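Note sheet for the following structure.
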């Protein structure tokens, strides 16, 4: 097996080091009638995947590249024998996958024994970039993925899944589906070269890292794994795309009619479905937290308008990065919400505490939060990416995403994992189960195949908060009445 076309070790970009050394872990479920044949099919597909993309069998190391003490986190190319280590385990489970992962459940309880590797990567020794665990159920297959977050983001992980499916198809028929595998490896190196060459924007004053959603690295405490495995199962919410669209249209009409909102937000005069959903999550999550507190609580939880969420810069830099770039191409977005008008409105009403609330108060809060999100996302362009790269390169201390916000939202919706076709043996994925290892985080699950365009939201929450959120009047008004297709 040839090594990647780089001279020895390859440095990662500033955006790659924005995230902690953790693994993106998920399980993809397929129905299969012949488990033995399915296993052989996947083993052949894995061999082809590693032969096409050798760096996936390599390692990540957080120390400097040998001979370059000023370098940091980097990729170590694989040795010949490393290709055989990508499949970490084949596990036989003498049950139906439908019994372990029933569709339409309120809680997405993922059995972590079906996943390879721990959530946090080793920061002392080199860590594998990619490991796969093949779980064989009586009537299906579960592919457990672990992909190093310092090498790729959720969209990159989706590209790996699609490439894996394409490799499985080629083992069947010799045809390639969906991706040009011949150019994908070289693309990774050229895109990283481009990101590493982003120069800072000329400015008269120093950049404020907090404005960009960055904070100093908290150090080894971040890598303590003692709390993992003690979290409650993730709550799964299925929201109607039609209801989100209708709410967005309604709020956009109000925004167009409101002189005060137009004065407050200037050129930001409309919101998207994503903005609407982020505002819904913030408002309903705060309602659930406040309403779950005991009546005797003398110091209710603070109301913090802070939201942190990623924005994909692939189409926003110049020239645009290819959509199939695996590496981290998401930057933190921190909406600069004007807390006073929003919190004053909420404080003078019972929006956070009453089960039923006036529609006008609900709409006012959603408009303000959604407009703040839209305003922040609209700022993400080539200069924004250059600013963050500059901050990462000139800071006296390492920086990472600022996670200590009231509401943290990550998105896998555009990862296109359900579009990956694994040949006639397995077909398309039935379900993608995400590992959500942090309390209080919301994750937008991958979008399912058409015509199912619902929004699926996963969140690891305190059980009392989860219960109040599920039954919240505002939140439940946008929940979907249907189950995922095929369930």
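The values are calculated or read from the model by the stated rules, or taken from the named source; none is laboratory data. Quick caveat: nothing in here was measured; it's all calculated off a predicted structure. Positions of Cβ are generated from backbone atoms using ideal geometry, with glycine treated the same way; all protein chains shown enter the neighbour counts.
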query = Mind checking which residues of the stretch 51-65 are surrounded by fewer than 22 Cβ atoms within 10 Å (Cβ to Cβ) and touching a helix residue (DSSP H, G or I) at 6+ places or on another chain (Cβ under 7 Å)?
reply = 52
task = Would you mention how many residues in the stretch 259-313 are at pLDDT 90 or above, part of a loop (DSSP other than H, G, I, E, B) and farther than 23 Å from residue 408 by Cα?
result = 3
note = If we ask which residues in the stretch 168-190 are modelled with pLDDT under 70 and either part of a helix (DSSP H, G or I) or farther than 23 Å from residue 320 by Cβ (or both), their number turns out to be 7
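Rundown of residues vs (1) outside any strand (DSSP E or B); (2) surrounded by fewer than 13 Cβ atoms within 10 Å (Cβ to Cβ); (3) at pLDDT below 90; (4) in the same structural domain as residue 466 (by the TED database), yes/no style:
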position: 81; (1), (2), (3), (4): yes, yes, yes, no
position: 91; (1), (2), (3), (4): no, no, no, no
position: 102; (1), (2), (3), (4): yes, yes, yes, no
position: 113; (1), (2), (3), (4): yes, yes, no, no
position: 122; (1), (2), (3), (4): yes, no, yes, no
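Can you confirm whether residue 95 is under 30 Å from residue 470 (Cβ atoms) and either within 23 Å of the chain's Cα centre (by Cα) or not in a loop (DSSP other than H, G, I, E, B) (or both)? Steps first, answer last, please.
Values: under 30 Å from residue 470 (Cβ atoms): yes; either within 23 Å of the chain's Cα centre (by Cα) or not in a loop (DSSP other than H, G, I, E, B) (or both): no.
So residue 95 fails the test.
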note = Apart from one, (1) within 27 Å of the chain's Cα centre (by Cα); (2) part of a helix (DSSP H, G or I); (3) modelled with pLDDT under 90 all hold for residue 361; the odd one out is (1)
request  = Would you check if residue 165 is more than 19 Å from the chain's Cα centre (by Cα) and either at pLDDT below 95 or crowded, with 23+ Cβ neighbours inside 10 Å (or both)?
outcome  = yes
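Conditions tested, residue by residue: (1) buried (at least 21 other Cβ atoms within 10 Å of the Cβ); (2) in a loop (DSSP other than H, G, I, E, B); (3) in the same structural domain as residue 315 (by the TED database).
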| position | (1), (2), (3) |
| --- | --- |
| 418 | yes, no, no |
| 422 | yes, yes, no |
| 433 | yes, no, no |
| 448 | yes, yes, yes |
| 451 | no, yes, yes |
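Here is a check on your reading of the model: is residue 391 in a helix (DSSP H, G or I) and within 26 Å of residue 273 (Cα to Cα)? Please lay out each step first, then the result.
Working: in a helix (DSSP H, G or I): yes; within 26 Å of residue 273 (Cα to Cα): no.
No; evaluated as a whole, the condition is false for this residue.
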